[in-house]
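Below you'll find the structure, written out as structure tokens, and then a few comments.
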Amino acid sequence: MAESLYEKVGGEEAIGKVVDYFYNELVLKDETVKHFFDNTDMEKQRSHQTKFISFALGGPKQYSGKSMAKAHEGMNLQPEHFQAIANHLHDSLAHFGVEESDIDTALAKVATLKDDILYK
């Protein structure tokens, strides 16, 4: 049986490190998107994001948060915001040595959510 991308990157513990780097070093230092997290419980956000990315990479379905559309309701996210977050996810995965082809696979899965996230 082929190893899932989730297993290949090191499972939930490794993805948690990617998520911490994603927020601490990139998202929360990016003037174009950091304001979206001003009133966010970041511990809860990190936990949700770790579970969501784990599932998106073929790991167990543990994410039980709001739907993507509901979670982004009232934010009026624009394409440039979505792209900034996608770029930060790319850079976070790359920082931890994930192969470019695997990053492309992960980003393709994230891209399928674009319609549920933008302009809400």
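Here are some notes:
- In the chain, lysine pairs closer than 15 Å at Cα, eight or more apart or cross-chain: 11
- Over the chain: helical MRE at 222 nm, DSSP H runs n ≥ 4 each giving -39500 (n - 2.57), nearest 500: -16500 deg cm²/dmol
- Cβ charges +1 (Lys, Arg) and -1 (Asp, Glu), total dipole of region 1-59, debye: 80 debye
- A Cβ-based charge dipole, computed about the Cα centre of region 67-120 with Lys and Arg at +1 and Asp and Glu at -1, lands at about 300 debye.
- Of the solvent-accessible surface of region 58-120, computed with a 1.4 Å probe over protein heavy atoms with every protein chain present, carbon and sulfur atoms account for 52 percent.
- Among 101, 50, 22 the positive-end extreme of the charge dipole of the chain (Cβ point charges): 50
- Between helix 42-56 and the chain: long-axis angle, C-alpha atoms, 0 to 90°, nearest 10: 50 degrees
- Computed with a 1.4 Å probe over protein heavy atoms only, the accessible surface of the chain comes to 59 Å² per residue.
- Charge dipole magnitude, Cβ of K and R +1, D and E -1 - the chain, Cα centre, debye nearest 20: 460 debye
- Taking amide hydrogens as placed 1.01 Å from N in the peptide plane, the amide H of residue 62 sits under 5 Å from those of 55, each at least 5 positions away in sequence or on another chain.
The values are calculated or read from the model by the stated rules, or taken from the named source; none is laboratory data. Just so it is clear, the model here is predicted, and its values are computed rather than measured. In this analysis, Cβ positions are derived from the backbone assuming ideal geometry, glycine residues included, and neighbour counts consider all displayed protein chains. Please note that ligands, DNA and RNA were not included when accessible areas were found on the heavy atoms of the full protein model with its side chains. Shrake-Rupley method; radii C 1.70, N 1.55, O 1.52, S 1.80 Å.
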